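J.: Could you have a look at this structure, given as structure tokens, before my questions?
Laboratory data are not the source of any read-out in this text; all were calculated from the coordinates shown. Just so we're clear, the structure is a prediction, and the values are computed from it rather than from any experiment. Virtual Cβ from ideal backbone geometry, glycine too; neighbours counted across all protein chains shown.
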Amino acid sequence: GGLAGLATGALLADQGHSVCLLEAHERVGGAAHGFSKGPYYFDTGPSLFAGGSLSGRDSSDPLAQLLRLLGIKLPVARYNTWGVLVPEGRFNSAVGAKDFSHTLRELRGRDAAAQFAELQRFMKPLAEAAVSIPPVALRRDLGIWRTVTPHLPRALRHAAHFRLMSAPFSRVLDQVGVRDAFLRGWMDLLCFLLSGLPSDGTPTAEMAFMFRSFYGEDAYLEYPLGGVAALAQALKDALEKRGGKVYTSSPVQSFWTENASQRVVGVTLVDGRRIKAS
């Protein structure tokens, strides 16, 4: 019942499959949740959306593609700057490479700014490679040739960069020579906002998307009204609208198999209930 499970369930239901989604927690969203303090609500999970990923303006963004496929229109607020409070200081950071370079030079000096400029140069072709094949075109059967072939000419131009896409982003930072402690910490922060993990646990492909939209031309941030939980709720609604069922507080204890073939035919929940697949 995290964002990935909700997205998968909604897409399957959209293709006519009968879907039952089981979530152990009392609400859906997985890492996409938060907490309240007085009148304020704080998100605690992945919460970085840039360049039209929620409004659907960036047709290359995988989240925008997902929302468009499911017909989800999510109300968002748009920002060009964000307030930052870190041990090194408090500042308003404008979205975009030039403004961040200026802030970095003021905080850490020219060497840190030069390291970021080199990282920006290195990431540019990776960003182009990351959007050369839409994620929704990738599949695990022979139909992949039908969905991927139209994008092959563009993808082949970036073939040399694909080997790095699944590697952790920390490997790129090491390869480029990013040594400044603040800049390394900043990249860890951006990785966490994207994936919930620091740079050694975040695939380079995710950061390639981020560099394209967050540090590109005319960059801006979007945020769902109602917080990141609103995105989880929209995906849940899309799944249920298509006939899918969502059960929360339903932890799975074991798989239910046929004795003869040992084929999995369902699951057994912790409370003893059995749910059989059709």
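J.: Give the angle, between 0 and 90 degrees and rounded to the nearest 10, that separates the Cα long axis of helix 97-108 from the longest principal axis of the Cα atoms of the chain.
T.: For 97-108 against the chain, the angle is about 70 degrees.
J.: If a/c stays under 1.5 just call it rounded; otherwise compare a/b with b/c (prolate if a/b is bigger, oblate if not). Do that for the stretch 9-102, with a ≥ b ≥ c from the square roots of the Cα gyration tensor eigenvalues. List each step's numbers first, then the result.
T.: Values: a/c = 2.93, a/b = 1.51, b/c = 1.94.
Verdict is oblate for the stretch 9-102.
J.: Applying a 10 Å radius around every beta-carbon, put 147-155, 115-123 in order of their mean neighbour count, most first. Don't jump to the answer; show the numbers that get you there.
T.: Details: 147-155: 12.8, 115-123: 17.3.
Per-residue Cβ counts within 10 Å, averaged per peptide and sorted highest first, yield 115-123, 147-155.
J.: Which whole-number percent is the relative contact order of the chain (Cα, under 8 Å, 6+ apart)? List each step's numbers first, then the result.
T.: Working: 443 pairs, mean separation 85.4, N = 278.
The normalised contact order for the chain reaches 31 percent.
J.: Mind ordering 260-272, 66-78, 199-211 by average Cβ neighbours within 10 Å, highest first? List each step's numbers first, then the result.
T.: On the way: 260-272: 11.5, 66-78: 15.2, 199-211: 21.3.
Taking the mean over residues of other Cβ atoms within 10 Å, the ranking is 199-211, 66-78, 260-272.
J.: Could you pull out the pairs from LYS37/LYS73; LYS245/LYS276; LYS73/LYS245 whose alpha carbons sit more than 19 Å apart here? Could the numbers behind the result be given before it?
T.: Details: LYS37/LYS73 28 Å; LYS245/LYS276 13 Å; LYS73/LYS245 21 Å.
Distance filter (> 19 Å) returns LYS37/LYS73; LYS73/LYS245.
J.: Please give the FRET efficiency for LEU152 paired with ARG68, using the beta carbon to beta carbon distance and R0 = 25 Å, rounded to the nearest 0.05.
T.: On the way: r = 23 Å, r/R0 = 0.90.
Once the sixth-power term is evaluated, E becomes 0.65.
J.: In whole angstrom, note down how far apart the Cα centers of the stretch 220-278 and the stretch 49-128 are.
T.: First find each Cα centre; the distance between them is then 33 Å.
J.: What percent do you get for the relative contact order of the stretch 239-278 when only Cα pairs under 8 Å and 6+ apart count? Could you put the intermediate results ahead of the total?
T.: Details: 47 pairs, mean separation 11.7, N = 40.
Rounded, it is 29 percent for the stretch 239-278.
J.: Report, in degrees rounded to the nearest 10, the 0 to 90 angle that the Cα long axis of helix 204-214 makes with the longest principal axis of the chain.
T.: Helix 204-214 and the main axis of the chain meet at about 60 degrees.
J.: Calculate how steeply helix 110-130 sits against the longest principal axis of the alpha-carbon atoms of the chain, using the helix alpha-carbon long axis, and give the answer as 0 to 90 degrees to the nearest 10.
T.: For 110-130 against the chain, the angle is about 40 degrees.
J.: Shifting gears a bit: Just the ratio, please: alpha-carbon radius of gyration of the stretch 26-163 over 2.2 N^0.38 Å, N its number of residues. Spell out each step's value before the answer.
T.: On the way: Rg = 19.2 Å, N = 138, 2.2 N^0.38 = 14.3 Å.
Dividing the Cα radius of gyration by 2.2 N^0.38 Å gives 1.34.
J.: Would you mind putting 226-237, 33-44, 98-109 in packing order, based on average other-beta-carbon counts within 10 Å, highest first?
T.: Values: 226-237: 20.8, 33-44: 10.7, 98-109: 15.8.
Top of the packing list down: 226-237, 98-109, 33-44.
J.: Between LYS276 and SER36, what FRET efficiency follows from the Cβ-Cβ distance if R0 is 41 Å, with the result rounded to 0.05?
T.: Details: r = 39 Å, r/R0 = 0.94.
Approximately 0.60, to the nearest 0.05.
J.: Same structure again: For the residue pair ARG139 and ARG110, what label-to-label distance in nm results when each label sits 7 Å from Cα along the Cα-to-beta-carbon direction?
T.: Roughly 5.6 nm, to one decimal.
J.: Per residue of the chain, what 222 nm ellipticity follows from adding -39500 (n - 2.57) for every DSSP H run with n ≥ 4, rounded to the nearest 500? Working shown, then result.
T.: Working: 10 runs with 111 residues, N = 278.
Only helices count here, giving -12000 deg cm²/dmol.
J.: If you take the alpha carbon radius of gyration of the chain and divide it by 2.2 N^0.38 Å, what ratio comes out, to two decimals? Could you put the intermediate results ahead of the total?
T.: Numbers: Rg = 21.0 Å, N = 278, 2.2 N^0.38 = 18.7 Å.
That works out to 1.13 for the chain.
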